[in-house]
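To start, the structure under review is shown below, and the notes come after it.
Just so it is clear, none of the values below were taken in a lab; they were calculated from the coordinates. These numbers were taken from a predicted model, which means no experiment stands behind them. Note: ideal-geometry Cβ built from the backbone for every residue, glycine included; neighbour counts use all protein chains shown.
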Amino acid sequence: MLIRTEALTKTYELGAAQVQALRGVTLAIDDGEYVAVMGPSGSGKSTLMHVLGCLDTPTSGRYLLHDREVGGLTGPALARVRNKEIGFVFQNFNLLPRIDVVANVSLPLLYRGSVTRAERRRRAIEVLETLRLSHRLGHRPNELSGGERQRAAIARALVSDPSILLADEPTGNLDSKTGREIMDVLDALSAGGKTVVIVTHDAGVASHARRVLQFEDGVVAREDRR
Amino acid sequence: MNLFESFSAGVQDMAANRARAVITTVGIVLGVASVVTVLSLMHGGQAQTVAFFEELGGLRELRITDSRSDRVVMTAAERASERLTYRDAQAILEECPSVLTVDPEIVRYLQVTWGDRTFRMKVLGTNAHYPYADDMPVATGRFITDIDCETHANVVVMGPTYREDLFGAADPIGKKISIEGIPFTVVGLMEKKEFYFRGGGGPGDRNVLEWFNRSHYIPITTMIKRFTVSDRLGGLEIAARTVEDVPRLEREVRTLLRRRHGVEDFEIDSKREGVEQQAQQQQFFNIVFWAVAFVSLFVGGVVIANIMLSSITERVREIGVRKALGASARDVFVHFLVEAVAVTSVGGAVGLVVGFGMTAAVDKLLGMPTALAPSIPLIAFLTSLAVGLVFGVFPALRAARLDPVEALRYE
């Protein structure tokens, strides 16, 4: 089992008020699954993604990644897990504006350490080629179209060969044609055996996944399999 | 992520935001430039002081003089003392182990006549160990010797200033002159001694060593025998065997003279004190200069910290992204600290060049002595490094502590 959570909760303190974003999430995701997490805004799906992506730690409950407890990890150990196991794709791409595409894509390898500059570059270019971006290597992100930016971001997520690709509204900032293009890329990755988890409120996007988790009020309300 | 990569990332960031980089570095440029100028002035001042005392004479010597009494009525012991005498000088030579030479001096203003010309001149009774003779060799002839002193010889060594007045172009060596009616043979002529604090030539820039050039020298024994009623000395210079022996010699002499005089009616000064005094005056200027340099560096550092903090606010999202991709807090800390150091290093390099310019300007316009020591670029570099480290730490900590979730959400 790749991911297993047991009674995950997350409580935020907003001033005096307490917000329960997750109220006991128990789920399991197997290696190679294609999963969509759906739900209205405020349902806790983003919080789940942050916890699954090791950006945030749960208030209580267990989170096992590769049968290893990671819910209690902090600081550098958590950063290492993010670096090795997780590939993030964001709604607004989050490419760094001042460096070129190759430098952006090779960033995760920079933080891995012990990967030489030449090797980082070589692997970044390799991934960019599979995503049909070889003509954009030396360009800055603002010189790219929206679809190219998201493909560059996906390349960055893939360059460290992570266990899970976590995509947060990957088509949210794109027109429908480009959005379909990006979904084709994710479909292809899933077909190639990569575990893909998409967080979205778009039913059309979710329909690409084999399994849809409906989120409501911090719990999984319904689960559909196709 | 190694240091070099962090550094080049920082430099790239600077290059991408030139206006910010210029404003950031102005403070550090001025700070380092002032440090460079201050150090050059300090080195210049010190070099001049040392040069002055080297010209004046070595540092092995002590000068013993009668001390002035503040009291109107002297004690019996004070009245009984003969004060500093030629016999004291002989005793020091015989009894103090650390002494190398003694040079007793008696000064009189005496009538010097050659042919039909007569002048009243400063005549110094001394011996072969006149300490300045080493630094101011005789131009022609010889200086007073031990034999001159033993035989009370009527010989004189002349200072260069009155040479023309007395002899015109003629060679004075071997000429007979009369001092207070007693015939003396001229055996030597001193070389001219010069020292100008502003390099010479300017108005008001006198030769501060001119008094040497106006003196004539005869054996001290001759001076005592012919021209004085007692062997009381005007001053006594003694030299220790080495510079390190100077403090010991001072103790030996103090003990000996206190026993001989029955009272401490003398003072012992070392040239070292003169150097120190000069250094103290220099110190005052140094403190002012340092204060200016420190304030500019501090302001430069605060500007850097401030601009870095605002740049971190601009780059919150970038920090979030870097963390999401696996950057640890340490990676982010090092990244921003190195950026700060990159900014200050470049500022330091520019500051060094500006500082050299300022030094040249100070030298030229104000006529103050400056010297560029090889340590100055090193100190400038270390200073800018230190400012970057000190003022980069706080912004870098702020960046490192950002929560990735909030940073990614930041608009």
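List of remarks:
- Kirkwood hydrodynamic radius of chain B, from the reciprocal of the average inverse Cα-Cα distance over all distinct pairs: 26.8 Å.
- Whether the protein assembly as shown is rounded, prolate or oblate, judged on the alpha carbon gyration tensor where a/c under 1.5 counts as rounded: prolate
- Each Cα pair under 8 Å and six or more residues apart adds its separation to the average, and for the range B:68-264 the resulting relative contact order is 32 percent.
- Cβ-defined net charge surrounding A:Ser207, 14 Å radius [Lys, Arg +1; Asp, Glu -1]: +1
- Averaged over A:141-148, number of beta-carbon atoms from partner chains that fall within 10 Å: 0
- Within a Gaussian network of chain A (alpha carbon springs, distance under 10 Å), most fluctuating of A:Leu95, A:Leu165, A:Leu131: A:Leu131
- Cβ crowding within 10 Å averaged over residues, with B:358-364, B:97-103 ranked highest first: B:97-103, B:358-364
- Exceeding the 26 Å Cα-Cα cut-off - candidates A:Lys84/A:Lys194; A:Lys10/A:Lys177; A:Lys84/A:Lys177; B:Lys122/B:Lys176: A:Lys10/A:Lys177; A:Lys84/A:Lys177
- The value of relative contact order for chain B, using C-alpha pairs under 8 Å at least six residues apart, is 31 percent.
- For residues of A:88-99, the mean tally of beta carbons on other chains within 10 Å: 4
- Our helix-only sum for chain A, with -39,500 (n - 2.57) per DSSP H run of n ≥ 4 divided by its residues, gives a mean residue ellipticity at 222 nm of -10500 deg cm²/dmol.
- In chain B, the DSSP-assigned H stretches of four residues or longer account for a calculated mean residue ellipticity at 222 nm of -18000 deg cm²/dmol, using -39500 (n - 2.57) per stretch and the full residue count as denominator.
- Summing charges over neighbours of A:Ala7, with a neighbour being any other residue whose Cβ is under 12 Å away from its Cβ, gives +3 when K and R count +1 and D and E count -1.
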